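A.B. asks: Below are the structure tokens for one structure; questions will follow.
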Amino acid sequence: MKKFLIKLTSCFCLLLVFHYAAEAQNVSTSVTVQGKLSDSDKKPIAGATVAEVDDDGRTIKATRTDIEGNFSLKVANTKHKLTFSHISHKTIEQSIGTRTTFDVILESSQKDLSDVVI
């Protein structure tokens, strides 16, 4: 009977170790990042896209900046990158890492529209 209890206790401990190892792998590295997008004149950029992209360049989650250029986005993984884009500005990509605040200045793309279709 004593051997049976020892084996049962050993199996229980082993299952407990495997359970905690599996839980450790499921820990999410999600974090909320926020910040402001401005142009080179320090004016806020409204309606710009802020997107979390993975290593393959696929968009995971995205948001838009408000009228003051502010954004907030809960990213799924801090190993991913953020892309900041707007139709009249050059797109910028930055690593997230341990940062939670991004104050980004976008350069103007200097593209002139030659045709407008209404």
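A.B. asks: In segment 90-110, what residues are of a type in the set (S, T, N, Q) and within 12 Å of VAL50 (Cα to Cα)?
C.D. replies: Scanning segment 90-110 gives THR91, GLN94.
A.B. asks: Please determine, by comparing only the residues of segment 31-70 that are among the hydroxyl-bearing types (Ser, Thr, Tyr), under 16 Å from the mean Cα position of the chain (by Cα) and open to solvent by less than 50 Å² (accessible area, probe 1.4 Å), which one is farthest from LEU106 (Cα to Cα).
C.D. replies: Within segment 31-70, the match that is farthest from LEU106 (Cα to Cα) is THR63.
To keep it simple, each residue is scored yes or no on (1) at pLDDT below 95; (2) over 15 Å from LYS36 (Cα atoms).
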{"site": "THR83", "(1), (2)": "no, no"}
{"site": "ARG99", "(1), (2)": "yes, no"}
{"site": "VAL104", "(1), (2)": "no, no"}
{"site": "GLU107", "(1), (2)": "yes, no"}
{"site": "SER114", "(1), (2)": "yes, yes"}
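A.B. asks: Out of all the residues in segment 71-81, which are open to solvent by 90 Å² or more (accessible area, probe 1.4 Å) and either touching a strand residue (DSSP E or B) at 6+ places or on another chain (Cβ under 8 Å) or modelled with pLDDT of 95 or more (or both)?
C.D. replies: Correct list: LYS74 only.
The values are calculated or read from the model by the stated rules, or taken from the named source; none is laboratory data. What you see is a predicted model, and the numbers here were worked out from it, not measured in a lab. Glycine also receives a Cβ, built like all others from the backbone with ideal geometry; neighbour counts cover every protein chain displayed. We work out accessible area using only protein heavy atoms, side chains counted, and drop any ligands, DNA or RNA first. Shrake-Rupley method; radii C 1.70, N 1.55, O 1.52, S 1.80 Å.
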